[in-house]
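**Q** Pasting in a structure now, in structure tokens, and then I'll have a few things to ask.
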Amino acid sequence: MQEVKTICTVFGIRPAAITPLTQGLINQTFKVADTGGDVFIVQQINTRIFQQPLQVQQNFVQLRAVMKRNYRLPELIPTAQNELMHVHGHEVWRCFTYMKDSYTPTGTISEELAYTTAKCFGEYTRILSAASPKLHTILPRFHDVALRAEQLLQAKAGATTERLKLAGKCLTELDNYDELLKRYKYWAAHPQYFPQRILHHDAKPSNILFSTETQSVLCPIDLDTTQTGLCFSDFGDMIRSMVPSHEENDVRFADIEVRQSFLQALTEGYMDATHTLWTAQEKEALAYSGKMLLYMQAMRFLADFLNNDAYYQTKYELHNLDRTINQLTVLRQL
């Protein structure tokens, strides 16, 4: 905690209380109350994931300038030297104002929350697409399905005999979805029909702040992954994470179901916010969003399994293989 106290002084904060926040999976985050009664978020940026942290900060400045007309957003606090971040040894730190009287949803997701989440991220894309800020690409080829297919082939070529045998059924099943890969390649090759859109790329309820007083949306948060991409990304990721009856680590495969009422809620929310944005070709493509994200994520989990679990954190030997089976179980039903 002493290091965090030192970091606080760089941002002009005299800390009276420091509370670690554990919800985030990527960055190390602390809630800091200073002696004057103000509250801040002090965060260490994970530079293994975000290798150009200054570009992340520069993007936030642009995003906030556009979005503050529509949302109440946290304010970025510069250092005493008026810099967007502070480099401390091999660590990079930043600071935001803390949004009082706000919360992020936890626990069971309702159909109403699914609708609200989809509408929020749809509005986010619609507003940013109209403003067209020039953003840095933070995670190149992040939702590039063709790249993930190439990586799976590379992982297959370098895998051990044992893991290759265990992955055999999943590899065969993924081959049966070659039509999705061809469809993605067509989208990517025809930007006149499928233009690049500004998308959040981590669209989920926990990345929205709600008002504790009115329960209405205050703003989307965790904007670090915001960059351009094809139309299917955010919608597909919300379908992938909210439509299945069981989350991606669940191994009760026989019990996994696609919840049609949640799919309908997400579709209505997203289209209510974005129906004026898309080309005719994009509107047709959106129907494949969920399938495309599930297909892509299944390939990513399986490639990591074949690479001896080099990327995703695992809790047991077959964890990534089970995650693959989970995603394919949903994909079959969608």
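**Q** Select from segment 94-108 the residues that are surrounded by fewer than 18 Cβ atoms within 10 Å (Cβ to Cβ) and farther than 17 Å from Leu209 by Cβ and list them in ascending order.
**A** Once the filter is applied, which keeps residues that are surrounded by fewer than 18 Cβ atoms within 10 Å (Cβ to Cβ) and farther than 17 Å from Leu209 by Cβ, segment 94-108 yields only Thr108.
**Q** In segment 268-293, how many are part of a helix (DSSP H, G or I) and over 14 Å from Arg183 (Cβ atoms)?
**A** Of the residues in segment 268-293, 9 are part of a helix (DSSP H, G or I) and over 14 Å from Arg183 (Cβ atoms).
**Q** Return the total of residues in segment 136-157 being open to solvent by less than 40 Å² (accessible area, probe 1.4 Å) and either more than 17 Å from Phe194 (Cβ to Cβ) or of a type in the set (S, T, N, Q) (or both).
**A** 6
**Q** Please pick out the residue among Glu111, Glu179 that is at pLDDT 95 or above and either farther than 19 Å from Thr267 by Cα or open to solvent by less than 20 Å² (accessible area, probe 1.4 Å) (or both).
**A** Just a single option satisfies the conditions, and that option is Glu179.
**Q** Taking segment 222-267 only, how many residues are assigned to a helix (DSSP H, G or I), more than 14 Å from Leu334 (Cα to Cα) and open to solvent by 40 Å² or more (accessible area, probe 1.4 Å)?
**A** So the count comes out to 3.
**Q** Among the residues of segment 290-304, what is the count of those that are within 18 Å of Gln264 (Cβ to Cβ) and either free of Cβ contacts under 8 Å to residues at least 24 places away in the same chain or surrounded by fewer than 24 Cβ atoms within 10 Å (Cβ to Cβ) (or both)?
**A** Qualifying residue count for the region: 1.
**Q** I'm trying to understand the selection: among the residues of segment 156-190, which are within 13 Å of Leu328 (Cα to Cα) and assigned to a loop (DSSP other than H, G, I, E, B)?
**A** Hits for segment 156-190 are Ala167, Asn176, Tyr177.
**Q** Tally the residues that are assigned to a helix (DSSP H, G or I) and touching a residue at least 60 places away in the same chain (Cβ under 8 Å), restricting the search to segment 125-135.
**A** Number satisfying all stated conditions: 6.
**Q** Can I ask one more? Does Thr279 satisfy being closer than 17 Å to Phe194 by Cα and β-branched (Val, Ile, Thr)?
**A** Yes.
**Q** Just checking, how many residues over segment 99-124 are more than 16 Å from the chain's Cα centre (by Cα), under 20 Å from Asp272 (Cα atoms) and hydroxyl-bearing (Ser, Thr, Tyr)?
**A** Matching residues across segment 99-124 total 3.
**Q** I need every pair where a residue in segment 66-83 that is surrounded by fewer than 12 Cβ atoms within 10 Å (Cβ to Cβ) has its Cβ under 8 Å from the Cβ of a residue that is in a loop (DSSP other than H, G, I, E, B), sequence separation at least 6 or different chains.
**A** Ala80/Phe11; Ala80/Gly12
The values are calculated or read from the model by the stated rules, or taken from the named source; none is laboratory data. This is a predicted model, so every value here is computed, not measured. Counting neighbours? That spans all protein chains shown, and the Cβs are built from the backbone with ideal geometry, glycine included. Ligands, DNA and RNA are excluded from the accessible area calculation, which covers all protein heavy atoms including side chains. Shrake-Rupley method; radii C 1.70, N 1.55, O 1.52, S 1.80 Å.
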